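The values are calculated or read from the model by the stated rules, or taken from the named source; none is laboratory data. Everything numeric here is computed off the predicted structure, so don't read it as measured data. Neighbour counts run over all protein chains shown; Cβ positions are idealised from the backbone, glycine included. SASA here: full protein model, heavy atoms, side chains in, ligands and nucleic acids out. Shrake-Rupley method; radii C 1.70, N 1.55, O 1.52, S 1.80 Å.
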Amino acid sequence: MKNSSPARGWLFFAVGLVAAYAAGVGLVYAVSGSLTYVHLVPILLATVVSATTLSWGASGFSPLTKGFLGLTLGGLAGYGLGLVIDLLVQGSLDWVTPVASLFSLLIGFTAFFLGVAGLNAVSKGLIWQIIGTLLGAIFISVIRVAMGLAWSGPFLFTEPAWVLGGFMGVLFFLAGSGSVSDWFKWARGIDTPEHHEESHTGWEKYLSISLDHKVIGIQYTITALFLISVGGLFALIFRTELAASQLQFLTNDIKLFGQSGPQLYNTFMSLHGMIMIISILLGIAGMMNYAVPLLLGAQDMAFPRLNAFSFWISVPASVLMLMSLILGGFDTGWTGYPPLSARAPVGMQMFFLGVFTAGWSSILGALNTIVTVLRMRAKGMTAFRMPIFVWAAVATSIIALTATQLIGLAFQLVMFQRLLGMGFFDPAKGGNPVLFQHLFWFYSHPAVYVFILPGLGIISELLPVFARKPLFGYRWIAMSSMAIALVGFLVWAHHMFTSGMNEYLRVPFMYSTLLVAIPTGVKFFSWVATLWKGKIWAPTPMLFVLGGVVVFLLGGLTGPPNATVSTDLHLHDTYFIVGHFHDTIFGGFVFPFFAALYYWFPKATGRRMSETLGKIHFWLMTPSFFILTFGMMRIGLLGMRRRIVDYDPALNFDATHLVLTISGYLIAISVLVFIYNFFNSIKNGEKAEGNVWNSRSPEWQVPSPMPTHNYDQPFEVVGEPYDYGLPGSKYVEFITPVKSGQK
Amino acid sequence: MSHTQDKSSAFSQGVLVFVYLAVLTLLEYFVAVTFNAVSILVVVAVIKAALVMYYYMHIYKLNEDSGDDQHSDAYKTGTNRIGLWLFLLSDAFVFAGLMTARINLLGLTRPHLNQLLGLAVTAVLLISSFFMNRGETAMAHGDKKGFFINTLITFVLGLGFLFGVVAVEWPLAAAEGLTPSSGVAGAVFYMMTGMHAFHVFTGLLFMLVVLNNARKGVYSAEKHWGVEAAAVYWHFIDLVWIFFYPALYLIGKLL
Amino acid sequence: MGHFLVVGILVIVMAVFTYIGLDAAGLMPLQASAQAVSIDWLWNWQLIAISFLFSLIVVPMVYSLIVFRRRKGETGDGEHIEGNTPLEIAWTVIPLFIVLALAYMGAYSLGETRRVDPNALVIEVKARQFAWTFEYPEYGIVSNELHIPVNKQVLLKMESADVIHSFWVPEFRVKQDVVPGRVTEYRITPTLIGSYKVRCAELCGSSHAYMESPVIVDSNTDYTAWISTQEKIAAEAAKTPEGQGERLTVRNGCIGCHSLDGSRMTGPTWFNLYGSQVKLEDGRTVTADDAFIAESILDPKATEVEGFAPTVMPPYPLTDAEIANIIAYLKTLK
Ligand code: HEA
Ligand code: HEA
Ligand code: CUA
Ligand SMILES: [Cu+2]
């Protein structure tokens, strides 16, 4: 056997797993005196240790192995540190204390990146985030002590201390990672070069600050995939609990991160919602960052530093979201309605802060996209000659730029209500809980169109390529994106039909909501007409496009029943709604996102992803997904409420819920197949340097992978983007011809 | 009034606009203390906002042709300008949200505040905008000394505003029983003035940066995007106050 | 033309089958109120629209995929068709009409559900974490079960003591949030005698899932009988301290969290509580005597019972006399 090989890896994996699990059980026994086999400590220990040994066996002492080693050691060290602190402060040892878990998470995470690539932007940023958090928290605690107030709370520090700490953590991350150093130089009057020479080549550049939009696009995409996995993992955990009625493992007796089982369910469920939503925002930012400048023929985004900043601020935001799980969690759903959110534990504040921070990422990214489209187009690229995805990106960005502020404000008001007793939503002080819902949905409804418009843009972009036919009604599709975005601003109160808001508002909001169906319909009909009489071929990206169309259609068509007030009175807050939005989100984002990844993968890497694994991914995910949402909608209609940890056995939903859980696992397996395919293909995929899909758009006219400076020769737009089937037609012409690249 | 002017007519235009704004502000104040007419207040605020956006913030510059050469400085400034305005648009939504909250929670009532102090800080902020405009105009005409003096005055006035609100008005209001936790009125008052004060604070920091860079000779008549940005941002803060001032001090009956 | 004919027929066939399939799947719970009728009527039209529109898109799509697929060895492109303005206008305008029709029907059926009967029976509903309390002001009755007579409109005036809850009986279809700081109204005309459950539909905390209470639609005779028994119970209870204590626990919704039979709910059970040894989170054990119980009611955060979250139970500022009555009642739970 060689020194390192896959087989050796699995062997080491098995050994590591068993040994670490046994060690964990032994540890728990030694300390608590009881022999429990299902305990968090052995399970987590076994997971990280076996990952380390797997990587060690398979690839020797590679960066990944070092990373996992860092994770294990850092996690243990952090846990120990937390226990010691707890012992000093509380005078007692609690094995599931949030403090130890928090330190374990933060330090483990940081050590992972330290192990992988030494002191890079991520690990420096994370170290500084930890320091900033502690400094902020200690600062407030000192003030409190000086004022004669208690400094310690159930989660070590008091709530105000954690809030300032969380906030300072973000600032420290940004400063420490180096994502704002150029701006500081400008502020001191020092000029910086337009573009820095990349200090790293190879994969390390993805862990360092880069101003290249392609690198940033990929950074976004990887972060989004990571968050989808985390959010999906949460879904699997709570779906397992739901597989049967009664409480299975999230029982009242367990106590984890300061929460009982049902509270933990609520935290997982709420974080699932919001982490998934953030992952969507990062996913679309990834697609837009990578594709928009390429499609426009631009060298980069309009503001490369702002672009890097927008990405990097999402990293501390993700850390805050995970901190909210550990600091007591919260039990409000992703919507965070007060007064409940005004009473939830400290985790609520971390959640608000995390969303707030991620919101800035979204706002600034949107700003950059709009300016790029307005100012950086190639010669001859008039508005109606832009690739259709660009239209979708603009429509999305208009919403993200403006509406996002309102969710930030809504959350900010609750944060201050908690911190200073400001009575915005507290009826006892004359506040109005329904006001929060208006502010919240003013963003969060348009946001759902933020999720889908880029996805629908991908569908419109790819359909002509694989149908070998012009996009039917290009201008109508372009305008429909704008129409959806603009009408989308006027419909928010359809989430509040039962909320007790003014009765007379319900009917106008019903009309405006239903109006959105019209531009959306235009897209669907045009897609069908695009396929009609084409010469359709269906490799993996096209499969995901088609799957996306059908799934989104189902989601869209279940919208009108929610939008008509009287039926919504029954449907509101049931699993019917849950089914509706998983359909729209999967159809409008997840499927097209995968399509885009399969489609542009060769452009980014010069290699193809495995077609077989891609097909397995598709054929595993799609049917499972249909079953998942059909089941959700059916039980929803029959009386299954949302956001419940347990359901009445008398309703006879057990069998359906079991099927739903199994479908959820099947989707997760298909995603794992994808993740394997993705990373494996980067190294071992079949080489593909030319115009793989025989597309007309400019980025495929030059060889892959795309060089750092996008187009050596600028191009000029000389025709329509989608004139497939028109002999002799051309979309772009390079001002001095390039040699390679077919056709 | 056309946009391409020599320095002295640009200065006198600034003065004229300032006089309009000052008169309108006084009008507003007297409308509020003599009779209760929300519609007049709204109209006056909109006119003031339009004046500031056009003459101080030069919104028309968004339309300026900056040529085809994407690598020229003029083109880049044009791009930056769009970016800045989009940022302000986005930021405006926060303030619009605060306004919505205020209208929803307080309706046609207002908290009990010190009217004279309100008028005073409003005047200070308005005057600071006037000097900011002067400073920017000076720089645009290559008058670095003029820029420096006027911007310094702006900075001092801005500091005065911040002091007036945070160090004088807040304690005064709190002494009268209007605290953040005393009820919605207090919550709305402190949140609106607080968010605005935060912007004033960042505007002052921005100004410091610009002053420092000017001292180092970074800017010239042709190339002074930093100065323009700081000025536009400062006027935007004034613009917000143009709406917040009547919303907090003038509209409606006393609570 | 041939293609269009085939696709047209397939669309209609598929739409019909989809509708029949959905209809047969039995997607709605029992229909137990007059309001449900107009809602189900609209729902049925929605199903028809969904079946048709789904087929309208999916059938031509699948047809194209099969008929217009690129066959082995083929390379060329499809036909160069860029668009068709009349067609675009058609599929903008026709859905517009469908949408307007749906919205009109929605408004109509909303109007039906909101129809007011001035003689409606008024019941006051109090929602709190995690219990429903129903008060019949005419009779002075307080209950944790909602009893209503069949075929008579009921008007629920709902208030919340803490966070937002939502009143939903799936068989009645209609749902209405209960918001602190205001009174929301809920009108229903039950039409089917039976026993249902109100299920809180707005996430309100850790035991949201269990915030369910019986809702019983009685025949008129059963209803009057229930009313008179309840009146008697109330009158009886007023005579003894433990009776008054029992009424107080109903009125304050204590039994939303405390069981009387030893089973575990959000809070510790009251069965055999009085005088028992209670284990606290910090390891101490105390006797559940008068002082401990009074403290648990007035300031629940003061003592942390092992295995229960101390922040869940709100403090109840009850008078000493009321607390004494509750203690008297607790003593009877053996
Ligand atoms: C990607 C996200 C996405 C998208 C695109 C949509 C699209 C739509 N949504 Fe959905 N929605 C969500 C995500 C999304 N939604 C989420 C996350 C929630 C829950 C939030 C929470 O509470 O947690 C929600 C909840 C929600 C509600 C509130 C329900 C409740 O809580 O009571 C309503 C009510 O009106 C609604 C309506 C609609 C409508 C009318 C559309 C329309 O845009 C759909 C338009 C599309 C079509 C109609 C299909 C294609 C059109 C044709 C084929 C033309 C012909 C059609 C007709 C003539 C009808 N949605
Ligand atoms: C992007 C959006 C998105 C996505 C993709 C999903 C995906 C899934 N969702 Fe989610 N869901 C939401 C958005 C989303 N959801 C939102 C917004 C809510 C509302 C929350 C609220 O009410 O507040 C919600 C609520 C929600 C509920 C209702 C909970 C309740 O009301 O109590 C349910 C119940 O079944 C559910 C299930 C699932 C399942 C089974 C998946 C599956 O598709 C998940 C499949 C799994 C994966 C995709 C992960 C695969 C990867 C791994 C397993 C690897 C793990 C490895 C590492 C961590 C390294 N979701
Ligand atoms: Cu009450 Cu949920
Ligand atoms: Cu919506």
Just to be sure, is C:Ile48 open to solvent by 40 Å² or more (accessible area, probe 1.4 Å) and either at pLDDT 90 or above or in a helix (DSSP H, G or I) (or both)? yes
In region A:568-607, residues that are of a type in the set (S, T, N, Q), within 16 Å of ligand 4 (Cβ to nearest atom) and open to solvent by 10 Å² or more (accessible area, probe 1.4 Å) total 1
Give the residue that is nearest to ligand 1 (Cβ to nearest atom), with candidates limited to residues of region A:332-343 that are open to solvent by less than 10 Å² (accessible area, probe 1.4 Å) and closer than 18 Å to A:Gly258 by Cβ. A:Thr332
Can you name the residue in region A:419-455 that is out of contact with any Leu (no Cβ under 8 Å at 6 or more places or on another chain) and in a loop (DSSP other than H, G, I, E, B) and is also surrounded by the fewest Cβ atoms within 10 Å (Cβ to Cβ) among such residues? A:Gly421
A:Met287 meets each of (1) touching a helix residue (DSSP H, G or I) at 6+ places or on another chain (Cβ under 7 Å); (2) within 13 Å of chain C (Cβ to nearest Cβ) with one exception, condition (2)
Quick one: in region A:332-357, of everything that is among the β-branched types (Val, Ile, Thr) and within 13 Å of chain C (Cβ to nearest Cβ), which residue is nearest to ligand 3 (Cβ to nearest atom)? A:Thr332
Could you count how many residues in region A:553-567 are open to solvent by 10 Å² or more (accessible area, probe 1.4 Å), more than 9 Å from chain C (Cβ to nearest Cβ) and in contact with an Asp or Glu (Cβ under 7 Å, 6 or more places away or on another chain)? 1
Pairs please, first residue from region C:201-212 and more than 14 Å from A:Tyr647 (Cβ to Cβ), second anywhere and open to solvent by 10 Å² or more (accessible area, probe 1.4 Å) and part of a helix (DSSP H, G or I), Cβ atoms under 6 Å, 6+ apart in sequence or on different chains. C:Ser206/A:Gln263
Hey, A:Gly556 hits all of (1) over 26 Å from C:Phe172 (Cα atoms); (2) within 15 Å of ligand 2 (Cβ to nearest atom) but one; which does it fall short on? (2)
Pairs returned, first residue in region A:232-244 that is within 9 Å of ligand 2 (Cβ to nearest atom), second residue that is hydroxyl-bearing (Ser, Thr, Tyr) and outside any helix (DSSP H, G or I), beta-carbon separation under 8 angstrom, 6 or more apart or interchain, are A:Leu242/A:Tyr647
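One line per residue, one yes/no per condition, for (1) closer than 18 Å to A:Ala483 by Cα; (2) open to solvent by less than 10 Å² (accessible area, probe 1.4 Å); (3) among the small types (Gly, Ala, Ser); (4) outside any helix (DSSP H, G or I):
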| site | (1), (2), (3), (4) |
| --- | --- |
| A:Trp360 | no, no, no, no |
| A:Leu364 | no, no, no, no |
| A:Thr369 | no, yes, no, no |
| A:Leu374 | no, no, no, no |
| A:Arg377 | no, no, no, yes |
| A:Phe389 | yes, yes, no, no |
| A:Ala392 | yes, yes, yes, no |
Determine which member of the set A:Thr240, A:Thr192 is within 29 Å of A:Leu672 (Cβ to Cβ), open to solvent by 20 Å² or more (accessible area, probe 1.4 Å) and hydroxyl-bearing (Ser, Thr, Tyr). A:Thr240
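Residue-by-condition table, conditions (1) on the phi > 0 side of the Ramachandran plot; (2) facing another protein chain (nearest Cβ under 10 Å); (3) at pLDDT below 90:
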site	(1), (2), (3)
B:Thr34	no, no, yes
B:Ile40	no, no, yes
B:Gln70	no, yes, yes
B:Ile82	no, yes, no
B:Phe87	no, yes, no
B:Asp91	no, yes, no
May I ask you to list the residues in region C:27-51 that are in contact (Cβ under 8 Å) with a residue 40 or more places away in the chain, more than 8 Å from chain A (Cβ to nearest Cβ) and within 14 Å of ligand 1 (Cβ to nearest atom)? C:Trp45
Under the condition of being open to solvent by less than 10 Å² (accessible area, probe 1.4 Å) and within 14 Å of chain C (Cβ to nearest Cβ), which residue from region A:473-492 is farthest from ligand 4 (Cβ to nearest atom)? A:Gly473
Please go through region C:193-227 and give me each residue that is away from ligand 2 (no atom under 16 Å from the Cβ), of a type in the set (S, T, N, Q) and in contact with a Phe, Trp or Tyr (Cβ under 9 Å, 6 or more places away or on another chain), ordered by number. C:Ser213
When A:Phe466 is run through (1) more than 30 Å from A:Asn694 (Cα to Cα); (2) more than 16 Å from ligand 2 (Cβ to nearest atom); (3) part of a helix (DSSP H, G or I), the failure sits at (1)
Single unsatisfied condition, A:Val671 versus (1) of a type in the set (Val, Ile, Thr); (2) open to solvent by 10 Å² or more (accessible area, probe 1.4 Å); (3) closer than 30 Å to C:Cys200 by Cβ: (3)
Among the residues of region A:555-584, which ones are more than 9 Å from ligand 1 (Cβ to nearest atom) and over 19 Å from A:Trp492 (Cα atoms)? A:Tyr575, A:Gly579
Among the numbered criteria (1) more than 23 Å from the chain's Cα centre (by Cα); (2) farther than 29 Å from C:Ser207 by Cβ, which one does A:Met288 miss? (1)
Based on this model, can you work out whether A:Gly534 counts as crowded, with 24+ Cβ neighbours inside 10 Å and among the small types (Gly, Ala, Ser)? yes
Based on this model, can you work out whether A:Phe425 counts as within 16 Å of ligand 2 (Cβ to nearest atom) and of a type in the set (Phe, Trp, Tyr)? no
Criterion first (within 14 Å of another protein chain (Cβ to nearest Cβ), among the hydroxyl-bearing types (Ser, Thr, Tyr) and more than 16 Å from ligand 4 (Cβ to nearest atom)) does A:Tyr220 satisfy it? no
Within region A:99-122, is there a residue that is of a type in the set (Val, Ile, Thr) and over 27 Å from the mean Cα position of the chain (by Cα)? no
Which listed residue is without any contact (Cβ under 8 Å) to a residue 12 or more places away in the chain and outside any helix (DSSP H, G or I), from A:Ile190, A:Ile143, A:Ile209: A:Ile190
